[in-house]
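Every read-out reported here was derived from the displayed coordinates using simple, explicitly stated rules and does not represent laboratory data. Since the model is a prediction, treat every value here as computed from it, not as a measurement. Backbone-built Cβ (ideal geometry, glycine too); neighbour counts: all protein chains shown.
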Amino acid sequence: MIIDCHGHYTTAPKALENWRSQQIAGLKDPALKPRAADLKISDDELRESIEGNQLRLMKERGSDLTIFSPRASFMAHHIGDFETSSTWAAICNELCFRVSELFPDHFIGAAMLPQSPGVDPRSCIAELERCVREYGFVAINLNPDPSGGHWTSPPLSDRHWYPLYEKMVEHDIPAMVHVSTSCNACFHTTGAHYLNADTTAFMQCLTSDLFTDFPTLRFVIPHGGGAVPYHWGRFRGLAQEMKKPLLKAHLLNNIFFDTCVYHQPGIDLLTRVIPVDNILFASEMIGAVRGIDPETGFFYDDTRRYIDATPMLDAEARHKVFEANARRVYPRLDRALIAKGL
Ligand SMILES: [Zn+2]
């Protein structure tokens, strides 16, 4: 089977966006503040939003199951306070759960956290546990920069984050390190802020001993790892200067990269530089880059083509990238599949 570890609910019915706009309006005028119960989306509307979009493309492109989380750019943790984020995260997670119930063979959830700038990450634990226990979610998205491009939180290696890591280890779930909308004019959201954050998260781990403290903690760094695979020699050299162990021992038991790199040479490089055990298939479809590549005639985010075509992977390695690695990195997903006889 082919597991796509990175998909967001970018096609949710318009009512969701309208509710969020109302919530934001309510920050200035409390009389406008909506209740969670004011949002009404039927199962038919959910079905329609998925069947003609993600599910259609999954079938056309030959992927089977997507690890599905709320729309990343809409998380916007910088808006409002913890209560704002908490209500918003609960609503978005519930919609992903309902999608996973409507299409249990094709979607399984990953949780957005109710992060808020300057708020202790402990505040996210209740939502994390609710999503794991009640919704059967298999992962979380962790935003290393809830300020939206101003980087006001401590690095991921700081003890600030440890209470969340303890819960991740306890529940055996990985985190995809995933920022949200940039509200810093210097950083385009998907073209700069996302890739900066991927690179930054990796370097924060490299300079620390985080995985000595948490040997079983796992991060998936999306978007092909930002600049990391391309500059692997730089990172190896910096680690050497810092007297850190070789990166394979220092980071690669804990850090994994997805394949959301939207051209063949990028995937060829990723699969050449990064050990195959650390690469997970993903497309982030339907996401930031929706067009057709005029050089190939195929959609940029049709990433399966690049994996199939790269000369660096044989059949066994491809199986790891498409399925086996995801089952190892997301043990709760593996258990859910085994329970279905898969
Ligand atoms: Zn994403």
Sparse-neighbourhood loop hits (GluC sites (Glu not before Pro), segment 235-342; DSSP loop; Cβ within 10 Å at most 11 others) -> 295
Fewest to most Cβ atoms within 10 Å: 330, 262 sort as 262, 330
Quick note on 250, 8, ordering by fewest other C-beta atoms within 10 Å, gives 250, 8
Most exposed to least, judged by fewest other Cβ atoms within 10 Å, 334, 81 sort to 81, 334
If R0 = 45 Å, then residue 252 and residue 342, at their Cβ-Cβ distance, give a FRET efficiency to the nearest 0.05 of 0.95
Once Lys and Arg are counted +1 and Asp and Glu -1 for all other residues with Cβ under 11 Å from that of residue 221, the total becomes -1
Residues of segment 73-95 with backbone N under 20 Å of the label point set 7 Å from the Cα of residue 22 along Cα→Cβ are 74-76, 79-81, 83-95
Of all GluC sites (Glu not before Pro) in segment 119-168, the ones in DSSP coil with at most 14 other Cβ atoms within 10 Å are 134
Correct semi-axes for segment 1-99, from √(5λ) of the alpha-carbon gyration tensor and rounded to whole Å with the largest first, are 29, 14, 10
Here the chain gives, from Cα atoms, an Rg and Dmax in Å of 19.1, 60
Loop-resident trypsin sites (Lys or Arg not before Pro) in segment 28-72 with no more than 13 other Cβ atoms inside 10 Å, DSSP not H/G/I/E/B, are 35, 40
